[in-house]
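Input: a single structure, listed below in C-alpha cells.
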C-alpha cells in the first residue's frame, strides 16, 4: 500500500487514473486485436505419433549415451532429436486390471482415449479377455478410424508384425492380442462374428481404406499352402485384397518403396514375422529401414488434401529387452531417433504435430559408479580417490565384474553361484537378478524379462504440442491428438 501511495504522488492523481484505466482495458483491446483463436496455436493438419515399444526413461538415457558414443562423444552430453522438443510430459501406463501394463492395453488407451484391460485390442474395460460376445459389445473407436471417417489419410509403419499389439490397436477389435491370424481364433468365436486381426486389416469396411501399412508379418495373411499360419491351407488374404481394387499395391522389399504412387493403397510386408533386428541385418537385406519406411509413408500420406495420421512404431526395442540383450534395444532406439530426424526434415511443424512416446517401460537399469564416458554397454570402471578412472573394472562383493546396464529379471538371471563375470559384445545378454516363470495361455513357459511399471515420457513439437505437459494418464494422449486436430468429439 505504501508503494501504491508513492506512485500516486509521483505521477499525480490524473495521470495515475489514466494508467489504471489503460491497465483495465488492455485485456479487452488485446482480445479485439488478437482474438483467442489467433492467440492459440494453429490446429494440426497432420499428426505423426512415434511409439518406441518398451522405451522407458532408462532406455532413452542409455540410448542417448549409446548414440553419442557411436559418434565419438563421451555420450552423456548428447541429445537425441526428440529430446529437443519443447513440450514434455510424464505418462502413467497402468492397465485397468494390471499395475504393470502390456502393449495391447496401453496402445488401446493411446488410440481410443479409454484405459482397458491388458491383452485386449480396441475393446473397453467392461469386456472380459478372450470373450467374443463382450468384444462385440464393447468396441472402442480409434483415432485412426475417426481420422479416416473425417477424410484424413491414415498410415502405419512398424518393425513388428503389422498385426502385433501396438499397430493392431489402431484398426482392430479383438478379445485377445494373440488372434493375429485365425489359427489362434476359436472357431466358435468366428461363428459369433469375431475376426482375426489380419482379416480385419484387409476386410473391415473402416480399415480396408488405410492408405499405407508397412512392417512385417506376411505369415498371418497366408495359409500353409503359401507358407503361412492361417487355418485354411489355401487362404490368401493379400490376393483377395489386391483383387478388390486396382489401385491397391503389395510390396515385399525395400526397392518397392520407390515405386509407390500417390493414388495407391499400399501394403508392405517385408518379413514372415517381425522385421530383422538392426543388430542382425545383413548387407544384402531386402528389408527397408525404419527411416526409409517413415519417409515413404509421409510422402504417400502428404499427397492427400486433408492431412493425415501416421503411427511409426519401433517395436523391437521391446523385444531386445525381453531377450535381455541391451545392445539390440539400443540399436532399435537409435533407429527410432533416426526416423524422427527423417520426419522432421519432411514436415512443417506449423501444421504438423510430432509426438514421441512409449507404451510402457522395462526393468532395465543403469547402475554402479562408472566414470564419465565409460562405454554404456561395457563393464563399470570407477574413478579413484583423485577422481581419475581406475585402470581395471570395478568388482562386486562376490569378486566378479559387473556392467552398467542390467535387468531386474529375465533370461540372463544368475542361477548358480559363484557368479561369473558378465559377457560383453553386441549379442550378449546382460545379467539379471532372477528368472521370472511366466505361463502362457497355451501352457508355454517363458523366462523373458518383463515390462516395467514406471511412467514413460511423452515428447511433442509442432501444432497442438502445448497440450503435452505435466503428469498425465495414458489415455489423455488421445485427447491431446483430438484437440490438436480441432475435434471436440469422435463423431
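Readers should treat all values here as calculations from the given coordinates under stated rules, not as data from a laboratory. Please read all numbers here as calculations on a predicted model, not as lab measurements. Every residue, glycine among them, receives a Cβ derived from its backbone with ideal geometry; neighbour counts consider all protein chains shown.
Some observations on this one:
- With 5 Å bins from 0: P(r) over the stretch 388-491, alpha-carbon pairs, percent: 2, 9, 13, 13, 9, 9, 10, 11, 11, 7, 3, 2, 1, 0
- Cα-Cα separations in the stretch 387-449 greater than 20 Å, expressed as whole percent: 38
- Alpha-carbon Rg/Rh ratio, for the stretch 207-257, with Rh computed the Kirkwood way: 0.98
- Rg/Rh, computed from the Cα trace of the stretch 297-372 with Rh as the Kirkwood radius, has the value 1.09.
- Kirkwood hydrodynamic radius computed over the stretch 103-163 comes to 12.3 Å, based on all pairs of distinct alpha carbons.
- Extension gain, residue 471 to residue 242: 0.36 nm times the residue separation minus the Cα-Cα distance gives 78.0 nm.
- Divide the volume of the convex hull around the Cα atoms of the stretch 418-457 by the residue count and you get 156 Å³ per residue.
- Taking every Cα-Cα distance in the stretch 216-331 and sorting them into 10 Å bins starting at zero, the pair-distance distribution P(r) comes out as 12, 35, 36, 16, 1 percent.
- Kirkwood hydrodynamic radius computed over the stretch 323-460 comes to 17.6 Å, based on all pairs of distinct alpha carbons.
- For the chain: relative contact order, % (alpha-carbon pairs under 8 angstrom, 6 or more apart): 23
- Computed label-point distance, nm, for sites residue 426 and residue 263 using a 7 Å Cα→Cβ extension: 4.4
- Considering all C-alpha pairs of the stretch 170-277, those separated by over 24 Å amount to 22%.
- Across the chain, the convex hull enclosing all Cα atoms gives 213 Å³ per residue.
- Per-pair calculated FRET efficiency, R0 = 56 Å: residue 392 and residue 192 via Cβ, rounded to 0.05: 0.30
- Whole-number Å³ per residue for the convex hull built on Cα positions in the stretch 48-163: 140
- Using equal-weight Cα scatterers in the Debye expression, the normalised intensity of the stretch 253-411 in log10 at q = 0.09, 0.12, 0.14, 0.20 Å⁻¹ is -0.45, -0.70, -0.85, -1.29.
- Stretchable slack from residue 76 to residue 273, in nm (0.36 nm times residue separation minus alpha-carbon distance): 67.4 nm
- For the stretch 189-289: relative contact order, % (alpha-carbon pairs under 8 angstrom, 6 or more apart): 27
- Separation of alpha-carbon centers, the stretch 280-294 and the stretch 202-268, rounded to whole Å: 19
- Between the stretch 70-104 and the stretch 137-162, the Cα center-to-center distance that results, in Å: 23
- Separation in nanometres of the label points that stand 7 Å from Cα toward Cβ, at residue 371 and residue 419: 2.3
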